[in-house]
Amino acid sequence: MKIDGVGQVGIQSSVLNIDDVKDTQHNEGFSDLLTQFIAEVNQDLTKAKEAEKLLQSGKVENLIETMAAIEKADISLRFATEFRNKAIEAYQEIMRMQI
């Protein structure tokens, strides 16, 4: 297993532009955004699983990137779970409303 020194870590930040949001609102609906979000979470989880397999086999090139991929998948899954919980709470609140 090769462990490189701690240099610059290439973590990509996903900053959302207002222009991107405006374009998204006109071109995609909520279901499209939700489908894309779920696909991205699934992709993060798949990458983390592959990184774990490489870590277990000792074929890791860069430990920092491996751990970053695993943490990204963990955060994505937590966010998706919280989103689901909030959506269920909103649905239940709407069902309690009297007409």
Ala39 is checked against (1) more than 16 Å from the chain's Cα centre (by Cα); (2) within 22 Å of Ala87 (Cα to Cα); (3) not aromatic (Phe, Trp, Tyr) and fails just one. What number does that condition carry? (1)
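Of all residues in segment 63-99, which are of a type outside the set (A, V, I, L, M, F, W, C) and more than 21 Å from the chain's Cα centre (by Cα)?
Glu89, Tyr91, Gln92, Glu93, Arg96, Gln98
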In segment 62-99, residue surrounded by the most Cβ atoms within 10 Å (Cβ to Cβ) [restricted to those that are of a type in the set (Lys, Arg) and either closer than 19 Å to Asn42 by Cβ or in contact (Cβ under 8 Å) with a residue 60 or more places away in the chain (or both)]: Lys72
Kindly indicate whether Lys59 is surrounded by fewer than 13 Cβ atoms within 10 Å (Cβ to Cβ) and in contact (Cβ under 8 Å) with a residue 12 or more places away in the chain. yes
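Every number in this text was worked out from the coordinates using simple rules, so none of it is lab data. Note that the coordinates shown come from a computational prediction; the quantities given were computed from them, not determined experimentally. Every residue, glycine as well, gets a Cβ built from its backbone with ideal geometry; the counts of neighbours run over all protein chains shown.
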